[in-house]
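So the structure is just underneath, and the comments pick up after that.
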Amino acid sequence: MRDYSEIRDGPSFKNEIINVMFFFPYVFWNKNCEMPEDTKLYGTSKKSYELLREFFFEVEGALQKKYKGRQLNYIISPKFAALDRDKIATIQKLSESKVLTSKMVSERNLDEILNRITPKRGIFIKCRYGAEGKGITLLQKDKWVTNYKVEGNRLTNYGVYDRWEFSEITSRRDLLEQLLEQEVIVEEEIIVPELFADKKFDCRAYVIKGRVPHFFVRVNEQSKVVTNYAQGGKVFHHPETGLSSKFKIKIEEEAVKSAEAFEFKFLGVDIMFDRSEGAKVIEIQTFTDFPDINHFNLAKYMVSDKSGLFC
């Protein structure tokens, strides 16, 4: 394993084929992208996204120069390595491959957006270029909440390593108008089936070389908005999820199609089930976390002959 800054002085290989696996460049991201200078609001800067995308193109060029004449076997394609940070582009590309996704709302007029809210289904406004459950606003019939930090009459950011707690902003049209001026994605809320005592849940599937060797389910109270562990979510690993084979088949189908759409040999795919519309891919995770090895040793599986990942 090497730091990105060490590519020029990296090891020489005699192999004709060199396997390359990227990891998320936190040092670069935190320094150049996390808190954008142009928009000031986390996850809303196209410039920050383009910096990340250019970073991987530069890494690809450095690797090609270093290992000229060798075949580079990318586990994560450089041309798509940053794309999961652009939620709109991700959904568009998934849709082109017939992957079922969350339903985007094109309107940016606040009154038109509010008119789409029903007693059962709300509206999400998410920062377009964010991740880790940051920059999320949920509008329901009688309650609006956001996990941006609210300072007086404006939205700001929590720190890089802070918890992004949700605050109620019901009727604060001024804050929503501010948000809609930024690069955001507006989506219909997904209403999950009552499988976990009416709690919110989603699934994280790991795709390796066209297979899903493992997935888990995250469950949280409806009031928590997101299922992240940091917000109190509980994790149930397959086969202890209690999901029927019908759900398992749909998770595998949509996760594999998602990986194929991005030419990825390794990918994390987040899926939710809507009561009336079935499985929906809500996000892909190019640089996904690894599950607890007591439940599934993903790293061991990846390097095994069974995965075929580094063959």
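The set of residues in the range 290-305 that are in contact (Cβ under 8 Å) with a residue 40 or more places away in the chain and either farther than 11 Å from PRO213 by Cβ or of a type in the set (Lys, Arg) (or both) comprises ASP292, HIS295. Of all residues in the range 109-135, those satisfying the criterion of being modelled with pLDDT of 95 or more and exposed (fewer than 14 other Cβ atoms within 10 Å of the Cβ) are ASN109, ASP111, GLU112, ASN115, THR118, PRO119.
Among the residues that make up the range 61-80, is at least one of them closer than 28 Å to ARG154 by Cβ, of a type outside the set (Ser, Thr, Tyr), in contact (Cβ under 8 Å) with a residue 24 or more places away in the chain and not assigned by TED's automatic domain parsing to the domain that holds TRP144? Checking the range 61-80: not a single residue is closer than 28 Å to ARG154 by Cβ, of a type outside the set (Ser, Thr, Tyr), in contact (Cβ under 8 Å) with a residue 24 or more places away in the chain and not assigned by TED's automatic domain parsing to the domain that holds TRP144.
Can you confirm whether ASN220 is within 26 Å of ASN294 (Cβ to Cβ) and surrounded by 18 or more Cβ atoms within 10 Å (Cβ to Cβ)? Yes. When the residues of the range 61-82 are filtered to those that are out of contact with any strand residue (DSSP E or B) (no Cβ under 8 Å at 6 or more places or on another chain) and not in a loop (DSSP other than H, G, I, E, B), the one that is surrounded by the fewest Cβ atoms within 10 Å (Cβ to Cβ) is LYS65. Against the list (1) modelled with pLDDT of 95 or more; (2) more than 23 Å from ILE88 (Cβ to Cβ), the condition ARG163 fails is (1).
The values are calculated or read from the model by the stated rules, or taken from the named source; none is laboratory data. If you're wondering where the values come from, they're calculated on a predicted model, not measured in any experiment. Here Cβ is always computed from backbone atoms with ideal geometry, including for glycine, and neighbour counts include all displayed protein chains.
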